[in-house]
Amino acid sequence: MRFVQTIACGVALMAFGAAVQAGETLDAVKKKGFVQCGISTGIAGFSLADSKGNWSGLDVDVCRAIAAAVFGDASKYKVTPLTTQQRFTALQSGEVDVLTRNTTATIARDTTLGLMSAGVNYYDSQGVMVKKTLGVKSAKELDGAAVCVQPGTTTELNLADWFRAQNMKFNPVVINNPEEAMRSFTSGRCDAFTTDKSQLAAVRAAQATPDEFDILPEDFSKEPLGPMVRQGDDDWFTLVRWTLNAMLEAEEYGITMANVDEKAKSDNPNIQRILGVSGELGKGLKLDNKWAYNIIKQVGNYGESFERNLGKTTPLKLDRGLNAQWRNGGLMYGWPVR
Amino acid sequence: MAHNTTTPQAPRRRLSWNDPFTRGILYQVLILGVLGFCVWYLVSNTLHNLAVRNISTGFDFLGREAGFAIGETPIAYTPSDTYGRAILVGLFNTLKVSVVGIVAATVFGTVLGIARLSKNWLVSRLAGLYVEVMRNVPLLLQLFFWYALITEALPGPRQALHPVDGVFLSNRGLKLPALQGDGLSWILLGLALAIVLVVVMAHWARRRQELTGNIFPVARVGLVVLLLVPAAALLISGAPLALDMPELRGFNFVGGLTLSPEFAALLAGLIIYTSAFVAEVVRSGIQSVGKGQWEAAQALGLSRSRMMRLVILPQALRVIVPPMTSQYLNLTKNSSLAVAIGYPDIVSVVNTTLNQTGQAIEGILIIMAAYLTVSLSISIFMNWYNNRIALVER
């Protein structure tokens, strides 16, 4: 099972690790003809498979954007669903080229795992969900509660930290399987269920009666979620980082899937640079000059991706909140494409 | 035979390809060399790859603060303790469920195995049905079933079943009053004394029976001794003894002893699954004893239970013990499925650790070393026991 897969990844790291050398991910991706992304095993809005096995979500869009930038074709990607426990080994061993899997960027991960966070595509925070029948309005009332949590995440640490800081006790029930953890919560084994708030919203939306659950106002932590790559491959790292920036810049300048061809005729020098009409910025990335055009044409800008996967028209009904553009009071700030 | 003068002499060994002995040595050295090279290659390649990727290695992380909480802690543990201690907690949890599981599965399985040979049609068929069903349903499925049953069917803590004062049954587990105070150590002392007394008494009764033929009711007297001596010790010492009653405070119960749903579900699953195999081992062991032994025992006029205990089981044990060892090992290793239902066994704790430190290879090595040690210990003990009960040929 999962445990066996973890071992298998470890063995792969031992035996075949030498095949992947730093600095050549882009070449390897071009050679095999698709980009291989590690994604989560199923969180609505971020990466979820439909009945035909097609994956969609905010994280899958990052993967498609990378494919669009490299190949000019957003469909040239493949995904590997990974649990929290498999994800790092899979990236380290070269099983995937990039991890686009709501993973929190932390200093420990950047310094001890041989990995590197390439940016943030969702600013999240850890929260708690309770049943409305419990009559709790704040996490500070949860002293002595049993809390269901999934293992091997920053979630487990934040939970312990937060209760320690509040001088409160809790009883963790650590369950590996997300569905089983959720079932434990709904059956009443735990008083509360904790994970990132976006996931709580996704889990709640998937319930038969979402109105029975409350997500409490407290934020246990900051969770900057974003793609990760292997250390030592600067070209690939830069490519992933600027793929995110291109989507943010496109939103800021109002370039959408629908109007991208129209906008290409614009006189605005910023828009001209982004869409590769002027300058040779794509060359620096070792890509076609139309790399960002391809991303926007086929995947859309960040705002479009957000609304399509998480926004008001989806079952998740999430606000832009921290993920709004910086001009609208959010934290999303695309670095200048120039 | 002693005066045979033409004892053939072993031919002198020469270094020749035709000499099977030399060839044997050569092959073994060759295979050992290849194996050694493979191990060396894997280890050095791994270390090289880890270094190239800036992945930290070594066991230093064991001394760092773990930072995560664990639900069940047989030894004191808080999130500010080290990873090493967290893993120790996991190991103790594994041992706890394994030891209780092995004892219970042995008792339950033996009863089932004997029941399957019963002359009562209903009893033997029911035992047979149990064995066939439980052996053929995957353990993981059974664990999910028991866990779901406990958490779904039982009420929440506020509506907990409350049959007797101080006993609560809810989806948070079974809560029992715990004994507290100095009196507890006197009771334990009395219990130890009682056990010594019973052992001495059993020895004396055996000798008396060998000498006079009179049978002493060891079981009945022993039970009385086991109950009376600790009680007497408590009364004489006059030490205080209090009950720590569980009570509902806030969301959960405080105080008392807890049997958590995770532990209960895992234990139930392991016992029920393994006892089906144990039953088959016991049945085949009993059936391996010749019919003549039964008839001989019957001819001595022994009761059926004495026949089983004194004649059949001692002979059956020789067949039973080796496969039983495998079942004990299976049970111990199967306890690692605990992670699926949230019991913090060693695999669960190490998984969390290796995910937070990123040191997957060290983590897996720790798990392997732990299971290897436990398994070898069981194996050594059972081999010792097997040798002890082996047929003594005179």
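Can you confirm whether B:Phe263 is in contact with a strand residue (DSSP E or B) (Cβ under 6 Å, 6 or more places away or on another chain), closer than 30 Å to B:Gly181 by Cβ and not small (Gly, Ala, Ser)?
On the way: in contact with a strand residue (DSSP E or B) (Cβ under 6 Å, 6 or more places away or on another chain): no; closer than 30 Å to B:Gly181 by Cβ: yes; not small (Gly, Ala, Ser): yes.
No: the conditions fail for B:Phe263.
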**Prompt:** Which one is farthest from the chain's Cα centre (by Cα) among residues in segment B:42-62 that are more than 9 Å from chain A (Cβ to nearest Cβ) and loosely packed, with under 14 Cβ neighbours inside 10 Å?
**Reply:** B:Ala51
**Complete:** Of those in segment B:63-83 that are touching a helix residue (DSSP H, G or I) at 6+ places or on another chain (Cβ under 8 Å) and among the polar types (S, T, N, Q), the residue nearest to the other protein chains (Cβ to nearest Cβ) is B:Ser80
**Prompt:** Of (1) in a helix (DSSP H, G or I); (2) free of Cβ contacts under 8 Å to residues at least 40 places away in the same chain, B:Ile215 satisfies all except one. Which?
**Reply:** (1)
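In the set B:Ala127, B:Ala160, B:Ala148, which member is more than 28 Å from the chain's Cα centre (by Cα) and of a type outside the set (S, T, N, Q)? Before you say what the answer is, go through the steps one by one.
Numbers: B:Ala127 fails: more than 28 Å from the chain's Cα centre (by Cα); B:Ala148 fails: more than 28 Å from the chain's Cα centre (by Cα).
Just one listed residue meets the conditions, B:Ala160.
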**Asked** Under 6 Å by Cβ, and 6 or more places apart or on different chains, what pairs join a residue from segment B:300-313 that is at negative phi with one that is loosely packed, with under 15 Cβ neighbours inside 10 Å?
**Response** B:Val311/B:Gln293
**Request:** Filter segment B:252-289 down to the residues that are more than 29 Å from A:Asp191 (Cα to Cα) and not in a helix (DSSP H, G or I), then identify the one that is nearest to the other protein chains (Cβ to nearest Cβ).
**Result:** B:Ser288
**Message:** Could you check segment A:262-282 and list, in sequence order, the residues that are assigned to a helix (DSSP H, G or I) and either touching a residue at least 60 places away in the same chain (Cβ under 8 Å) or exposed (fewer than 12 other Cβ atoms within 10 Å of the Cβ) (or both)?
**Reply:** A:Glu262, A:Asn270, A:Arg273, A:Ile274
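Taking segment A:88-108 on its own, how many of its residues are under 15 Å from A:Glu156 (Cβ atoms) and more than 9 Å from chain B (Cβ to nearest Cβ)? Don't jump to the end; show me each part of the working.
Within segment A:88-108, the first condition is being under 15 Å from A:Glu156 (Cβ atoms), and the residues that meet it are A:103-104, A:106, A:108.
Within this subset, residues satisfying the condition of being more than 9 Å from chain B (Cβ to nearest Cβ) are A:103-104, A:106.
Of the residues in that region, 3 qualify.
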**Complete:** Given (1) touching a helix residue (DSSP H, G or I) at 6+ places or on another chain (Cβ under 6 Å); (2) surrounded by 16 or more Cβ atoms within 10 Å (Cβ to Cβ); (3) not hydroxyl-bearing (Ser, Thr, Tyr), B:Ala239 misses just (2)
**Prompt:** What is the number of the single condition among (1) farther than 30 Å from A:Glu304 by Cβ; (2) at the interface with chain B (Cβ under 9 Å from one of its Cβ atoms) that A:Leu115 does not meet?
**Reply:** (1)
**Message:** Anything in segment A:137-175 that is surrounded by fewer than 16 Cβ atoms within 10 Å (Cβ to Cβ) and hydroxyl-bearing (Ser, Thr, Tyr)? List them, or say none.
**Reply:** A:Ser138
**Fill in**
Every listed condition ((1) surrounded by 21 or more Cβ atoms within 10 Å (Cβ to Cβ); (2) in contact (Cβ under 8 Å) with a residue 40 or more places away in the chain; (3) in contact with a helix residue (DSSP H, G or I) (Cβ under 6 Å, 6 or more places away or on another chain); (4) within 15 Å of A:Thr154 (Cα to Cα)) holds for A:Thr84 save (3)
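Values quoted throughout were computed directly from the atomic coordinates according to the rules given, and no laboratory measurement underlies them. Quantities reported herein were computed from a predicted structural model and do not represent experimental measurements. Cβ: placed from backbone, ideal geometry, glycine included. Neighbour counts: every protein chain shown.
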